[in-house]
1. Let me spell it out: the conditions are (1) surrounded by fewer than 16 Cβ atoms within 10 Å (Cβ to Cβ); (2) among the aliphatic types (A, V, I, L, M); (3) touching a Gly at 6+ places or on another chain (Cβ under 9 Å), and Met201 meets all of them except one. Which number is the exception?
2. Can you tell me how many residues in region 108-132 are over 25 Å from Pro196 (Cβ atoms) and either small (Gly, Ala, Ser) or in contact with an Asp or Glu (Cβ under 8 Å, 6 or more places away or on another chain) (or both)?
3. For Pro58, only one of the following conditions fails: (1) modelled with pLDDT of 90 or more; (2) within 26 Å of Thr210 (Cβ to Cβ); (3) out of contact with any helix residue (DSSP H, G or I) (no Cβ under 6 Å at 6 or more places or on another chain). What is its number?
4. Could we say that Asp45 is farther than 19 Å from Gln136 by Cβ, acidic (Asp, Glu) and part of a strand (DSSP E or B) here?
5. From the list Pro127, Pro144, which residue is closer than 30 Å to Arg178 by Cβ and assigned to a loop (DSSP other than H, G, I, E, B)?
6. Mind checking which residues of region 90-120 are closer than 21 Å to Ile21 by Cβ and either among the polar types (S, T, N, Q) or without any contact (Cβ under 8 Å) to a residue 24 or more places away in the chain (or both)?
7. So in region 89-124, with the set limited to residues that are assigned to a helix (DSSP H, G or I) and either β-branched (Val, Ile, Thr) or in contact with a Leu (Cβ under 9 Å, 6 or more places away or on another chain) (or both), which one is surrounded by the most Cβ atoms within 10 Å (Cβ to Cβ)?
8. Which one of these does Asp45 not meet: (1) touching a Ser or Thr at 6+ places or on another chain (Cβ under 7 Å); (2) buried (at least 20 other Cβ atoms within 10 Å of the Cβ)?
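The values are calculated or read from the model by the stated rules, or taken from the named source; none is laboratory data. Worth saying up front: this structure is predicted, and the values here are computed from it rather than measured. Here the Cβ is made from the backbone with ideal geometry for all residues, glycine too, and neighbour counts use every protein chain on show.
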Amino acid sequence: MSASWGYEAARAAASVIAPRIGIGEPLLTLILGSGLGSVVDRVADARSVPYSSVPGFPDTAVQGHAGRVVAGTLAGRPVIVFAGRFHMYEGHPAAASAFPVRVAHSLGAKVMVATNAAGGIDATLSPGDLVLIDDQINLTGRNPLEGTLEEGDTRFPDMSAAYSPRLRSLLAKAAGNRPLRRGVYAGLLGPAYETPAEVRMLRALGADVTGMSTVGEALVAAAIGVEFAGISLVTNLASGITDAPVRHEDVIEAGRVASARLGDLLEAAVTLL
């Protein structure tokens, strides 16, 4: 791993963020996916820091990603929100794409929920469904942990429960009567959406949803001891499931429409932590 996104870099980034957000140890850290930035509007007493002013953070250039760190309270509990990602398909190294996890840890985070926009592979899913991630398949061909072992990292992290059973149980309880599906997330490099043949392959491998993020974040969280969970918002059915083309603008719009349901779930969950 390049030292540019390792332990010391994370501490340097946190030292810039901390005095500007003025928050103590957060109860929950969130990473928001494409089109889901409106969840930030629920954060009370919000203070924000643009990614462009944080060392090690490149600007996020993808439509639907705000590119800022926001701190405040959600349902009265202290949270930090990373609104936007650095995707590997933009040319960022795997270590950079998962860097916010290290920075959150340096800010005191112990619990993290990552959200993403995903294509539905399971034909019983519909756009707007929320899927609690039970496990992942990393098909990006990249790993943010490769290279020199960083201080505090586990060299060979156990991934048998990378998505915390405790957090999954808590999120299921928080959902109450709200529909919340369960499934396996397949992470691909992108930026092209999957072909119908690739979707058939993913289905055969056991994936229920697919996207272009999250798997690297889960790997870093496991290595540094951050309890991690993931929620996918199904924004479209994957190629070949229907005859409809997959378009990014539709993904963003689906995220916008469904973000209220995600916000309700996260507000309920943070009260149970």
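1. (3)
2. Summing the residues that are over 25 Å from Pro196 (Cβ atoms) and either small (Gly, Ala, Ser) or in contact with an Asp or Glu (Cβ under 8 Å, 6 or more places away or on another chain) (or both) in region 108-132 gives 6.
3. The number of the failed condition is (1).
4. On the way: farther than 19 Å from Gln136 by Cβ: yes; acidic (Asp, Glu): yes; part of a strand (DSSP E or B): yes.
The answer is yes for Asp45.
5. Working: Pro144 fails: closer than 30 Å to Arg178 by Cβ.
On inspection, the qualifying residue turns out to be Pro127.
6. Ser106, Thr115 - these are the residues of region 90-120 that are closer than 21 Å to Ile21 by Cβ and either among the polar types (S, T, N, Q) or without any contact (Cβ under 8 Å) to a residue 24 or more places away in the chain (or both).
7. The first filter runs over region 89-124 and keeps only residues assigned to a helix (DSSP H, G or I), leaving 89-90, 94-97, 99-106.
Keeping just the survivors that are either β-branched (Val, Ile, Thr) or in contact with a Leu (Cβ under 9 Å, 6 or more places away or on another chain) (or both) gives 89, 94-95, 101, 103.
On the way: Tyr89: 15, Ala94: 25, Ala95: 26, Val101: 28, Val103: 26.
Taking the candidates together, the pick is Val101.
8. (2)
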